[in-house]
Amino acid sequence: MSVEPDPRVVEGLDAWEGLTALQQPQWPDRAELRRVRDRLATLPPLVFAGEADALRAQLAAAGRGEAFVLQGGDCAETFADSTADNIRNKIKTILQMAVVLTYGASLPVVKMGRMAGQYAKPRSSDSETRGDVTLPAFRGDIINGYDFTPEARTPDPQRLLEAYHTSASTLNLIRAFTTGGFASLLRVHEWNRGFTTNPAYARYEEIAAEIDRAIRFMAACGADFDALRTVDFYACHEGLLLDYERPLTRVDSRTGLPYDCSAHLLWIGERTRQLDGAHVDYFSRVQNPLGVKLGPTSTGDDAIALMDKLNPSGEPGRITFVTRMGAGKVRDLLPALVEKVTADGRPVTWVCDPMHGNGITSASGYKTRRFSDVIDEVAGFFEVHRALGTVPGGLHIELTGDDVTEVLGGSEEIDDEGLARRYETLVDPRLNHQQSLEMAFRVVELLRR
Ligand code: PEP
Ligand code: MN
């Protein structure tokens, strides 16, 4: 039986319009934006409320140490790169990492793609200048184009519709790949064997051999590998562009409550988590599980105030704090934050983003990160939680399934010159396929320390 939505609940959804919303574009034509929003509001939801609830329960388990979260994908998805090959390679990479982590942590891994909606980017400046030309900054494919021309850089509301349709086709493929046998444990295990036969990764051979023995043990015991042919795979993105998130918010017929049906989980970014800002207000009113990024300036009081707004009743699984301190700071800054939140008592899930605090510019001018810094921040995250007796609940990684060269280091030893070979990201540098798998094996090593 469906429950009538409470009109006060639905009205509150528009309260953000009266608040400061940072990082939004200057739409040139508000009437066109309105038409696009009205159209989006009539289109089917991309995900379902019940799926978001299932994810919330799994995130709650991760917060208790009964599961481990793996969130991964591009910094910025693009329409052009939302091809079958690309999407398949990303899913494959995340599934391969998940099998390694499942073994290493002896826990179910909650798999989430920064996929099917990760199109809007916060930028440090509203504009970009090249020579004597200044144009609006690229804010992601959902807003404007990357080419440095006035036509491309002018925000275009029609892009919201293209983002919706590209998300729908991406999700369609995700659902097919993760339920149609592609994700079968035995298959993913075979791919991982391919990875560790590369001499560059000889150091991980032992762990790989252990996983192989574990699988053969399961087979000998009569494990039902048919039941391990499908996996749950969730979609998440930064809840940034409110003109997109609002029309995709729907009232759940079971409960009469609003869910943002653009993704299972939305996270609030480091630049838009102001307590009195539009983003915190908006996401406080939808039922999805939420992430909040916490960078090096965040205090314990900030975290508590965010909980007061976003999860006053302390519902487990509602909030995932995604810390991104930087390798050099995590051991100093994270303990006070975790202690304060733990003392509050309301449960949260702690996830480590070892990417966004570790940006550097290479000598050759590329925006990059060092693989060693990424691993070091993860190590620091585990050390801090271990010392406090709290739960390190998962990882949030920028990655791609392709052989790009955007992050320095790893056993393939991508160096400064190597970056030029295949640097393709439009915003932040991503771990490539091999670096992603290597990271999963390194995490298993860290878990054994
Ligand atoms: C991101 O996840 O791509 C991002 C912009 O992160 P943050 O908000 O942590 O800077
Ligand atoms: Mn990024």
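The values are calculated or read from the model by the stated rules, or taken from the named source; none is laboratory data. Since we're looking at a predicted model, the values are computed, not measured. All Cβ positions, glycine included, derive from the backbone under ideal geometry; neighbour counts span all protein chains shown.
Quick notes on this structure:
- For segment 383-395, the candidate set comprises residues that are crowded, with 17+ Cβ neighbours inside 10 Å and away from ligand 1 (no atom under 16 Å from the Cβ); within that set, the residue that is farthest from Q435 (Cα to Cα) is T390.
- From E406, E377, E398, residue being in contact (Cβ under 8 Å) with a residue 12 or more places away in the chain, buried (at least 22 other Cβ atoms within 10 Å of the Cβ), within 16 Å of ligand 1 (Cβ to nearest atom) and in a helix (DSSP H, G or I): E377
- Answer from A343, A336, A303 - the residue that is free of Cβ contacts under 8 Å to residues at least 12 places away in the same chain, in contact with a helix residue (DSSP H, G or I) (Cβ under 9 Å, 6 or more places away or on another chain), outside any strand (DSSP E or B) and of a type outside the set (V, I, T): A343
- Against the test of being crowded, with 22+ Cβ neighbours inside 10 Å, within 15 Å of ligand 1 (Cβ to nearest atom) and under 25 Å from P392 (Cα atoms), the options M97, M112 yield a single qualifying residue, M112.
- Single match in R159, R175, R187 (criterion: in contact with an Asp or Glu (Cβ under 8 Å, 6 or more places away or on another chain) and assigned to a helix (DSSP H, G or I)): R159
- Looking at S313, S262, S284, S298, just one residue is among the small types (G, A, S), closer than 21 Å to V338 by Cα and in contact with a helix residue (DSSP H, G or I) (Cβ under 7 Å, 6 or more places away or on another chain), and that residue is S298.
- Selection within segment 409-437 - within 16 Å of ligand 2 (Cβ to nearest atom) and either assigned to a loop (DSSP other than H, G, I, E, B) or surrounded by fewer than 17 Cβ atoms within 10 Å (Cβ to Cβ) (or both): Y423, E424, T425, L426, V427, D428, P429, R430, N432
Yes or no, residue by residue, for (1) more than 16 Å from ligand 2 (Cβ to nearest atom); (2) among the charged types (D, E, K, R); (3) under 21 Å from the mean Cα position of the chain (by Cα):
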position	(1), (2), (3)
I268	no, no, yes
F283	yes, no, yes
Q287	yes, no, yes
G291	no, no, yes
G300	yes, no, no
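- Count - residues of segment 312-333 that are within 20 Å of the chain's Cα centre (by Cα) and more than 16 Å from ligand 1 (Cβ to nearest atom): 3
- Residues that are away from ligand 1 (no atom under 16 Å from the Cβ), small (G, A, S) and in contact with an Asp or Glu (Cβ under 7 Å, 6 or more places away or on another chain) occur in segment 340-363; there is at least one.
- Qualifying position, being within 24 Å of P316 (Cα to Cα) and surrounded by fewer than 22 Cβ atoms within 10 Å (Cβ to Cβ), among L240, L275, L266: L275
- The set of residues in segment 93-134 that are in a loop (DSSP other than H, G, I, E, B), within 16 Å of ligand 2 (Cβ to nearest atom) and of a type in the set (A, V, I, L, M, F, W, C) comprises M115, A120.
- Test result for G117, within 17 Å of the chain's Cα centre (by Cα), surrounded by 24 or more Cβ atoms within 10 Å (Cβ to Cβ) and either away from ligand 1 (no atom under 16 Å from the Cβ) or on the phi < 0 side of the Ramachandran plot (or both): no
- Looking across segment 395-422, the residues that are more than 21 Å from the chain's Cα centre (by Cα) and either of a type in the set (V, I, T) or at negative phi (or both) come down to L408, S411, E412, I414, D415, D416, E417, G418, L419, A420, R421, R422.
- Single match in P28, P45 (criterion: away from ligand 2 (no atom under 16 Å from the Cβ), over 22 Å from T230 (Cβ atoms) and surrounded by fewer than 17 Cβ atoms within 10 Å (Cβ to Cβ)): P28
- One residue alone among G65, G145 is in a loop (DSSP other than H, G, I, E, B) and at positive phi, and that residue is G65.
- Exactly one residue out of A67, A84 is away from ligand 1 (no atom under 16 Å from the Cβ), within 30 Å of P429 (Cα to Cα), among the hydrophobic types (A, V, I, L, M, F, W, C) and buried (at least 21 other Cβ atoms within 10 Å of the Cβ): that is A67.
- Verdict on T154 being surrounded by 14 or more Cβ atoms within 10 Å (Cβ to Cβ), modelled with pLDDT of 95 or more, of a type in the set (S, T, N, Q) and over 19 Å from the mean Cα position of the chain (by Cα): yes
- Test: V330 is in contact (Cβ under 8 Å) with a residue 60 or more places away in the chain and of a type outside the set (S, T, N, Q): no
- Which listed residue, of A67, A76, A80, is among the aliphatic types (A, V, I, L, M), modelled with pLDDT of 95 or more and within 16 Å of ligand 2 (Cβ to nearest atom): A76
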